[in-house]
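Chemist: Attaching a single structure in structure tokens format; questions to follow.
The values are calculated or read from the model by the stated rules, or taken from the named source; none is laboratory data. In this text the structure is predicted, and so the values were computed from the model without any measurement. Quick reminder, even Gly has a Cβ in these numbers, built from the backbone with ideal geometry, and neighbours come from all protein chains shown.
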Amino acid sequence: MYKEDRLPQNHKEGILFLLIVSIISVNTIAPLIMGMERGFSKKIIWIH
């Protein structure tokens, strides 16, 4: 049977893969959702 080489092969690689995917998704999807909710703007809001 064919075994895919690009997927995580053991527990350690699986954890690393999930960690990388979660970091990427938090840093890309969350700002997009917030931008859509609030409207995209270049104005910087400083909170003191």
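Chemist: Could you list all residues from the range 2-47 that are part of a loop (DSSP other than H, G, I, E, B), loosely packed, with under 10 Cβ neighbours inside 10 Å, out of contact with any Gly (no Cβ under 9 Å at 6 or more places or on another chain) and not hydrophobic (A, V, I, L, M, F, W, C)?
Modeler: Scanning the range 2-47 gives Y2, K3, E4, D5, R6, N10, G39, K42, K43.
Chemist: Let me ask something else. Testing I23 on (1) modelled with pLDDT of 90 or more; (2) in contact with a Phe, Trp or Tyr (Cβ under 8 Å, 6 or more places away or on another chain), one condition comes back false. Which one is that?
Modeler: The single condition I23 does not satisfy is (2).
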